[in-house]
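Q: Take a look at the following structure, please.
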Amino acid sequence: MPQPTLTASKAGIAKATIALTGKSWSREDLADYVVVEGKTLQKSICLQTVNNFFTGNRVKRQYFVGICKALGLDWEEIREPNGTSSPQIPLPNDNPTAEVEQPNINYNNPFFPLSGRIDKPQFFFGRKGEIRTVFDLLNSGSSVAIIGERAIGKSSLLQAIYREAPNQLREPRKPIYLNLENVCGENDFYGALCRLTGIEKAKGTELSRALDSPQFRFLLLLDEVENMIWDGFTNQVRSQLRGLAYGSDAPLRLVVAASTPLDVLFPDSQDKKSPFQGICIEENLKLWDEKICREFIVSRLQASWLTPVAQPVNFTEEEIAELIAESGGYPQKLMQLCYQTYARYIN
């Protein structure tokens, strides 16, 4: 007898997407956190089931309920009431961090998020030149290392590259994102990499053999790559990652983000150099100059998604100059300072 299935409504998918972003989870993370209750307790589900949920396709009832519980949602409020499939909501490039714009959200202060990466494409600003350079390098057959200070926007830039990869890469590669801040060691890394690439867990020659097929071509975006110097990582895992990305038709093309230049990373490497040095071309992120800072402030004050008010807020020239000077060109610092200034107007 066929098992009962449920589909998420359009509004339900929107709520679930907001909840997913609020937890800073990817769809892969959600699949791991789901607990399915039944005759036996099942921990985690496959990624395809999560994708079906977010695209309005039918999902087994117990999986549907498990997804909603993991997100902290009432499954009865998320499902399609009449049991029919709701219209599919295409997320850009199937990006788990892309957001569906919500018309009823009250954006009473446009300067956010105050910390962390910017996942939603409508809130990402600037870096067009850097994005163009990164894809020029990728299309030339090189991997890329994005080098920049803390809070300068490396993680947000990786997300923008993730979103644009399907349209910008001349030779198709599936973009996959892995934040090494959430990876505990070598075994955890291999497990995450295999899950993202859709193969059974393997490492060493078994991993190389599993990825030795034209169907496995990925753009691997590695965030917080400095974390690979932890005791849980060895030079061997970094060397294999280099090997998987070596060559014009290698299974992996890399975009790694780090705060430290490659020539001083990983001192335990046999050649005393980073395993990424020589295959990754460095792109150094610079601080925002005055022109970009001004454009950012104006774009947020005039944002189309900002809730209309009778008297729109406008910063004075003196305030803008002070904000730029105090921020020092750091995007996150400028965001926080602008948030405080805007809050004084509305409060």
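Q: For residue 130, are the conditions met, namely being in a helix (DSSP H, G or I) and either out of contact with any strand residue (DSSP E or B) (no Cβ under 7 Å at 6 or more places or on another chain) or modelled with pLDDT under 85 (or both)?
A: no
Q: Considering only residues of the range 1-44 that are outside any helix (DSSP H, G or I), of a type in the set (Ser, Thr, Tyr) and open to solvent by less than 60 Å² (accessible area, probe 1.4 Å), which is modelled with the lowest pLDDT?
A: Residue satisfying both the conditions and the ranking: 44.
Q: Using the structure shown, decide if residue 243 is open to solvent by less than 60 Å² (accessible area, probe 1.4 Å), on the phi > 0 side of the Ramachandran plot and free of Cβ contacts under 8 Å to residues at least 60 places away in the same chain.
A: no
Q: Residues in the range 293-302 that are surrounded by fewer than 18 Cβ atoms within 10 Å (Cβ to Cβ) and of a type in the set (A, V, I, L, M, F, W, C): how many?
A: So the answer is 2.
Q: Run residue 137 past the list (1) within 23 Å of residue 229 (Cα to Cα); (2) in contact with a Ser or Thr (Cβ under 9 Å, 6 or more places away or on another chain); (3) among the aliphatic types (A, V, I, L, M); (4) part of a helix (DSSP H, G or I) and report the number of the one that doesn't hold.
A: For residue 137, the exception is condition (1).
Q: Shifting gears a bit: For the condition under 18 Å from residue 149 (Cα atoms) and touching a helix residue (DSSP H, G or I) at 6+ places or on another chain (Cβ under 8 Å), what is the one hit in 338, 293?
A: Values: 338 fails: under 18 Å from residue 149 (Cα atoms).
Just a single option satisfies the conditions, and that option is 293.
Q: Quick check on residue 129: is it touching a helix residue (DSSP H, G or I) at 6+ places or on another chain (Cβ under 8 Å), closer than 30 Å to residue 342 by Cβ and of a type outside the set (D, E, K, R)? Let's see the steps before the verdict.
A: Details: touching a helix residue (DSSP H, G or I) at 6+ places or on another chain (Cβ under 8 Å): no; closer than 30 Å to residue 342 by Cβ: yes; of a type outside the set (D, E, K, R): yes.
For residue 129, the condition - touching a helix residue (DSSP H, G or I) at 6+ places or on another chain (Cβ under 8 Å), closer than 30 Å to residue 342 by Cβ and of a type outside the set (D, E, K, R) - is not met.
Q: What is the residue count in the range 183-216 for residues that are of a type outside the set (Asp, Glu), closer than 22 Å to residue 48 by Cβ and open to solvent by 40 Å² or more (accessible area, probe 1.4 Å)?
A: Matching residues across the range 183-216 total 5.
Q: Restricting the search to the range 303-347, which residues are at pLDDT 90 or above and open to solvent by 70 Å² or more (accessible area, probe 1.4 Å)?
A: Of everything in the range 303-347, those that are at pLDDT 90 or above and open to solvent by 70 Å² or more (accessible area, probe 1.4 Å) turn out to be 314, 317, 318, 322, 325, 326, 333, 339, 340.
Q: Still on this structure, please answer the following. So which residues in the range 141-180 are open to solvent by 20 Å² or more (accessible area, probe 1.4 Å), of a type outside the set (A, V, I, L, M) and more than 13 Å from the chain's Cα centre (by Cα), if there are any at all?
A: Result: 141, 142, 149, 150, 166, 167, 168, 170, 171, 172, 173, 174.
The values are calculated or read from the model by the stated rules, or taken from the named source; none is laboratory data. Fair warning: this is a prediction, and the values are worked out from it, not measured in the lab. Please note: Cβ atoms are built from the backbone with ideal geometry, for glycine as well, and neighbour counts cover all protein chains shown. Accessible surface is based on the protein model in full, side chains and every heavy atom, while ligands, DNA and RNA are left aside. Shrake-Rupley method; radii C 1.70, N 1.55, O 1.52, S 1.80 Å.
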